[in-house]
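Beneath this line is the structure, given in structure tokens, with notes to follow.
Derivation of every value follows stated rules applied to the coordinates shown; laboratory data play no part. Values in this document were obtained by computation on a predicted structure and should not be read as measured data. Backbone-built Cβ (ideal geometry, glycine too); neighbour counts: all protein chains shown.
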Amino acid sequence: MADQNDHYGLRYKVWRVVYRLLCVSVYAFLMLPILVIIPLSFNAQPYFTFTREMLTFQSDGFSIRWYQELVTNPNWRLAIGNSLAIALAATALSTFLGTLAALGLSSPYMPFRKSVTSVVLLPLIVPLIVVAAGTYFFYSQIGLAQTLPGIIIAHTMLGTPFVVITVTATLSGFDRGLLRAAASLGATPFRTFFKVVMPLISPGIFSGALFAFVISFDEPVIALFLAGFDQRTVPIQMWSGIREQLSPDILAAATLLIVLSVLLLLTAEWLRRRSARLRSGQS
């Protein structure tokens, strides 16, 4: 019996090592092509390959000239400004509408709740190219094509489902007895929301807002259909740079987007843990 237990123990240790090596290999296969972009963005030469100076770690092989290009080039400044304005506006609208929708859909007294939820989450199901084409034809009829408000409304439509999902997940552990307790103490619904509901669901709201911001800032398909030259965004500028004038400033922009995504993911994870602590304290 002891030999059999030792045999199974050895098999378990071997499988654990193989499993970890497999996970590391998959992560390396997925991440290394992305991580290569970061050192290439500091290339002193206008190439997409590692130069001899870079491989030998000579100081003249590295430069921040492509990051300076993002600041000095008027096309990049226009694209970054448009992306920030569109993303912030779309995030604010998505957060407001998504939170209201989640509060309504989480109520057991909501009529046709499943049907309404399906409609709200439809932008996550329909292929993005279909959404972009349909939005373009509709906007062309009402004069919103090639305008910033049109892109903001379209990105709001894409970001709202993410807010609905995260806020609904937070509300799943919400104790509705707190609402009855607040009402019994004379609190108005408005005061109850901001004093009781809002602090408990705020991690879900902020997580949804982060997802909505990333979706809007890094969305290329709808922007390609709806944006003119004055409304070009960072993804459009990168796409145009790849097609028209290949330059390492695209690598610098991609590196900044990678850093932004990592920071937002870390923030989302912190909010998730905070939400878990709040739910455990509530229970």
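Some observations on this one:
- Highest-MSF residue in the chain out of VAL18, VAL120, VAL259 [GNM, Cα springs under 10 Å]: VAL18
- Considering helices alone, the calculated mean residue ellipticity of the chain at 222 nm is -24500 deg cm²/dmol, with DSSP H runs of length four and up weighted by -39500 (n - 2.57) and normalised per residue.
- Residues whose placed amide H lies under 5 Å from that of ASN43, excluding near-sequence neighbours: SER63
- Between ILE34 and PHE229, the distance separating the two model label sites (each 7 Å from Cα on the Cα→Cβ line) works out to 3.5 nm.
- Rounded, prolate or oblate (a/c below 1.5 giving rounded, otherwise prolate when a/b exceeds b/c) for the stretch 7-151 by Cα gyration tensor: oblate
- For the stretch 86-227, with +1 on Lys and Arg beta carbons and -1 on Asp and Glu, the positive-most of GLY208, GLY177, VAL197 along the dipole: GLY177
- Placing R0 at 25 angstrom, the Cβ-Cβ distance between ILE258 and PHE48 gives a FRET efficiency of 0.95 after rounding to 0.05.
- Residue range of the chain that is longest and free of chymotrypsin sites (Phe, Trp or Tyr not before Pro) which are both DSSP loop and sparsely packed (at most 11 other C-beta within 10 Å): 113-283
- The modelled label-to-label distance for the pair PHE112/ILE142, using points 7 Å beyond Cα in the direction of Cβ, is 1.9 nm.
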